[in-house]
1. In the neighborhood of K323, defined by Cβ-to-Cβ distances under 12 Å, what is the net charge if each Lys or Arg adds +1 and each Asp or Glu adds -1?
2. Do any trypsin sites (Lys or Arg not before Pro) in region 368-464 lie in a loop, going by DSSP, with at most 16 other beta-carbon atoms within 10 Å of their beta carbon, and if so which?
3. Going by the alpha-carbon gyration tensor, a ≥ b ≥ c the square roots of its eigenvalues, is region 350-506 rounded (a/c under 1.5) or, if a/c is not under 1.5, prolate (a/b greater than b/c) versus oblate?
4. Can you sort H385, H178, H445, H349 so the residue with the fewest Cβ neighbours within 10 Å comes first?
5. At 0.36 nm per residue, minus the direct Cα-Cα distance, what do K210 and N37 gain on full extension? Give it in nm, one decimal, please.
6. Would you order M404, M490, M189 from fewest to most other beta-carbon atoms within 10 Å of each residue's own beta-carbon?
7. Using θ = phi - 60° and the Karplus relation 6.51 cos²θ - 1.76 cosθ + 1.60, list the HN-Hα couplings for region 497-502 in order, rounded to whole Hz, with x at every Gly or Pro.
8. Within region 179-216, name every residue whose backbone N is under 17 Å away from a label modeled 7 Å from Cα of I256 along the Cβ vector.
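Nothing in this text is a laboratory measurement; each read-out follows from the coordinates by a stated rule. What you see is a predicted model; the values in this text were computed from it and never measured. Positions of Cβ are generated from backbone atoms using ideal geometry, with glycine treated the same way; all protein chains shown enter the neighbour counts.
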Amino acid sequence: MFKKILQLIQLNKTLENKDFQLKEKEVQLNALDMKVNNLEKVIEDAITPLRLAIEDKGIELIKEANEKAFEIIDESKKTAADIVEVTKKDILNLLDKKEQLTNEVNQLEETVIKSTKEITKYEKAAKKHKTELLGIKNLLENFPSAINFSVIETHLQTFEESMKDDGILDTIVHLDLHYKASKTLRSDMNANNKEIRNLLASYQSRYTTKANATIYELMVIGLQAELQNILHTLSYSNLDQMLENSKALIEKYLRISASGNASILPTITRFLSELEPLFEIAIRIEYKYYFQKELEKEEQRKIREIMRQEAEEKRVLEEERKKIEKEEEKYLQEIAKNRALLSTETDIHKVTSLEARLKELEEQLEKLEEIKEEIVKRANGKAGHVYVISNLGSFGDNMFKVGMTRRLDPLERVDELGDASVPFKFDVHALVFSDDAVGLEQKLHQALESQRVNKINLRKEFFYSTVEDLQNIVQDIDPTVDFITTMFAMEYRQSDSLKTEEAISA
């Protein structure tokens with residue numbers, strides 16, 4: 001019993017101790033609660049200014065983005081205005097050239113009308129003289145004593161005196177030939193005419209009889225007139241025909257002159273043989289005028305073709321620019337959207353994700369800006385690619401095309417050429433970018449000028465060369481160019497292989 005009482009007393013003391021400890025814990029817990037509340041207040045006080053600052057920064061970034069967008073729009077409008085201005089200038093230049101060509105055509109038409117009138121005049125004069133000649137012949141037959149031959153001989157002697165110094169052998173008819181319009185051609189023709197006059201004079205003294213001398217002089221007059229006629233009917237397209245006519249003329253006069261007098265045949269044969277090359281030289285001198293005019297026309301055609309290609313490339317570049325601007329607009333909208341989300345987001349993981357997304361969008365936008373700048377640069381300048389290509393199946397292994405394009409992807413132009421009028425695709429040996437692609441192309445063309453395939457149509461930019469020589473020419477101009485010497489010609493080789501297999505199986 002007593003023992004139980006002691007145990008109870010001991011238990012009460014233990015309970016009192018535990019109760020005291022519990023109260024101490026409650027006091028400590030209350031103190032911790034107060035600290036937590038104080039910390040929360042401190043954190044709240046610290047976060048509030050930061051949140052307000054983030055909101056202000058987001059608004060500022062959106063404002064900057066909008067200002068940047070407006071700047072881009074203004075710059076695009078300015079670029080578009082510049083393109084319109086350049087196009088207007090091109091159109092005005094074309095109109096000026098059209099007016100110039102129209103004036104030239106009008107002048108040519110006036111020349112044709114004038115020449116036609118002169119020909120008609122000469123025809124009428126010839127008919128008149130024919131009538132007079134027939135009348136004189138009839139008079140001599142019916143009244144032989146009516147003509148005083150002593151007076152005629154006196155007039156002939158006077159006329160002969162006036163025609164000394166090779167005058168009788170000079171050209172009587174002088175048509176309006178084109179060589180006279182060029183100082184160089186005029187000098188060449190005068191030198192050739194001097195050779196002809198010297199030749200005529202050297203043979204004149206060989207005819208000792210009056211009859212043979214007369215035959216010679218009449219033949220010379222006829223030959224000179226025929227040459228004038230050949231030169232007057234010459235054109236760019238009939239050189240070979242006129243040279244043949246000249247040879248036929250010499251042969252005809254040889255037959256006519258020698259048919260009645262065999263004694264002068266050797267002399268006339270030598271004379272006409274020496275005269276023939278001089279006539280050919282005269283024809284070729286006159287032809288140089290037409291050749292030069294054709295080169296000028298071809299140059300104009302090439303300029304028009306270049307302008308057409310430039311207009312087409314500018315159109316393609318303009319389409320690319322519009323596509324880029326649409327993409328830019330999408331990126332700007334997406335950037336603005338993400339910035340707005342970032343300004344209100346408090347979750348640290350989402351904030352990190354939004355910042356990464358913004359960085360990615362801004363990098364993409366920067367790339368688009370670079371592409372657009374390149375488009376504007378190519379549309380307004382001379383930048384582009386010069387390409388060197390070949391087509392083994394179509395042209396063999398010693399012919400190459402050297403051209404240029406302003407396309408962002410130059411292979412698009414090469415593919416177009418391969419799809420146009422050749423059975424196989426082109427192999428690309430070199431693609432050279434240059435800020436002055438036009439100038440680079442001209443340098444290559446000048447280096448290859450003597451090997452040009454078509455020397456008249458300069459738009460046909462094909463050249464004879466070995467691939468090694470062409471590589472040296474290209475790398476002399478630009479040593480950094482990667483030049484591929486292999487002609488792969490996959491389509492051609494596969495087609496040739498199939499053709500061989502079909503032949504074997506047949």
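1. With Lys, Arg at +1 and Asp, Glu at -1, the net is -2.
2. Loop-located and lightly packed - K455, R459, K460.
3. Oblate shape, in that a/c is at least 1.5 and b/c is the bigger or equal ratio.
4. H349, H445, H178, H385
5. 47.6 nm
6. M490, M189, M404
7. Once θ is set to phi - 60°, the couplings for region 497-502 become 5, 5, 4, 5, 4, 5 Hz.
8. Answer for region 179-216: 212-216.
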